[in-house]
Amino acid sequence: MSDIVEKDTVTTVHYTGTFPNGEVFDSSEGDSPLAFLVGHGNMIAGFEKEMMGATVGEKREFTLTPDDAYGQRDEDAVQQMDRSQFPEGMELEVGMTMGAHSEQGPIQFSVSAIDGDEVTIDFNHQMAGKTLCFSVEVVEIRPATAEEVTHGHAHGPGGHHH
């Protein structure tokens, strides 16, 4: 029985993520806890790094700089598109997120401005450039199964397959 967070464990946590101003952007409170396979890129790197060695029942609070979270913003990832390049009749709103297909596969972008027929889109992750604060409580730790390690994610309750 693995009782600390380490690579190839499935760690189940309750967490709340806030911006430095206290605004909550994500939380498992009132929901089922989150289970993730440690060491396989399921979570942002800084989150896993900060949780390493934690035990069941332990609470940790930490702040991640953009470099440990979703990276810095890339201004080259902000582009102008003509309204006509979007599906006809589609309602565009600032802040909405959409998927697109690229040579690298599916990517997400958000609409950051609309000026007449000119639409500004942003391929940065919405959390790029942001400092994130987390409060995390470890609920359960178990060794990952061989299948989970092979697949690279947790299965079962709170896991990947619903």
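Throughout, read-outs are computed from the coordinates displayed, never taken from laboratory work. Keep in mind that this is a model prediction, so the values were computed, not measured. Reconstructed Cβ throughout: ideal geometry from the backbone, glycine too, with neighbour counts over all protein chains shown.
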query = What ranking of Phe86, Phe36 emerges when the number of other C-beta atoms within 10 Å of each C-beta is taken as an exposure proxy, fewest first?
reply = Phe86, Phe36
With 5 Å bins from 0: P(r) over the stretch 75-122, alpha-carbon pairs, percent = 5, 20, 32, 28, 11, 3, 0
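Before rounding to the nearest 500, sum -39500 (n - 2.57) across all DSSP H runs of length at least 4 in the chain and divide by the residue total; then give [θ] at 222 nm in deg cm²/dmol.
Result for the chain: -2000 deg cm²/dmol, rounded to the nearest 500.
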key: Dipole of the chain, positive end: most advanced residue of Gly152, Gly30, Met52 [Cβ charges, Cα centre]   = Met52
key: D_trans [Stokes-Einstein, Kirkwood Rh over alpha-carbon pairs] for the stretch 1-123, 25 °C, 0.890 mPa s, µm² s⁻¹   = 140
inquiry  = What do you get for GluC sites (Glu not before Pro) in the stretch 1-105 restricted to DSSP loop and a cutoff of at most 11 other Cβ within 10 Å of the site's Cβ?
reply    = Glu23, Glu29, Glu88, Glu91, Glu93, Glu103
